1. Please enumerate the residues belonging to the range 1-49 that are assigned to a helix (DSSP H, G or I), surrounded by fewer than 16 Cβ atoms within 10 Å (Cβ to Cβ) and of a type in the set (Asp, Glu).
2. Tell me whether the range 50-71 contains one or more residues that are in contact with a helix residue (DSSP H, G or I) (Cβ under 7 Å, 6 or more places away or on another chain), surrounded by 16 or more Cβ atoms within 10 Å (Cβ to Cβ), assigned to a helix (DSSP H, G or I) and aromatic (Phe, Trp, Tyr).
3. Can you find a residue that is small (Gly, Ala, Ser), modelled with pLDDT of 90 or more and within 10 Å of the chain's Cα centre (by Cα) anywhere in the range 31-41?
4. Can you name every residue in the range 80-129 that is at pLDDT below 85, basic (Lys, Arg) and under 19 Å from the mean Cα position of the chain (by Cα)?
5. Evaluate the range 11-23: report whether one residue or more is at pLDDT below 90 and under 24 Å from Asp125 (Cβ atoms).
6. Tell me yes or no: at least one residue of the range 14-29 is among the aromatic types (Phe, Trp, Tyr) and under 10 Å from the mean Cα position of the chain (by Cα).
Amino acid sequence: MSDSRLVYEVLSMLAADDESPWILHHSLIHDPEYADLDVSRLLTTLDELERRGWATPWMVLHDDPDDPNKHGPPTADYKNEALAAYQDLVLRKQHRRYMLQEYGPWYTITDRGHTERERLAPRYDQQPN
């Protein structure tokens, strides 16, 4: 299993709101504990959360706000294109939080993810970083 503290931090952020890996990464690298966090490590952690049923990734399939099926699972191509776009923004030092909100995929915490977060909370809540 990945670093349980990183799992806890990601689940905590997802408990607050659906987020993309890019927003998560941008937020985490401002924490001294994760200042050198490589995006591939975060993506591996998100893949693990998905495999364990703790988070579900999604992408916008189309912009019709009235269609309840406008979201779906992200394709591998979509994930690769989003990663390339994020890496380009990082290289150009233009990765501001507001710019990252348009790039998916996004992740939603599941009930099992909330349960795992609650299990990890006594170990990590209110500990100094």
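The values are calculated or read from the model by the stated rules, or taken from the named source; none is laboratory data. The shown structure was predicted, so the numbers you read here are calculated from the model rather than taken from an experiment. Neighbour counts run over all protein chains shown; Cβ positions are idealised from the backbone, glycine included.
1. Selection gives Glu33, Asp47.
2. Among the residues of the range 50-71, not one is in contact with a helix residue (DSSP H, G or I) (Cβ under 7 Å, 6 or more places away or on another chain), surrounded by 16 or more Cβ atoms within 10 Å (Cβ to Cβ), assigned to a helix (DSSP H, G or I) and aromatic (Phe, Trp, Tyr), which makes the answer no.
3. No, the range 31-41 contains no residue that is small (Gly, Ala, Ser), modelled with pLDDT of 90 or more and within 10 Å of the chain's Cα centre (by Cα).
4. Arg96, Arg97
5. yes
6. From the range 14-29, those among the aromatic types (Phe, Trp, Tyr) are 22; that's our starting set.
Those still in the list that are under 10 Å from the mean Cα position of the chain (by Cα) too: 22.
Checked the range 14-29: at least one residue is among the aromatic types (Phe, Trp, Tyr) and under 10 Å from the mean Cα position of the chain (by Cα).
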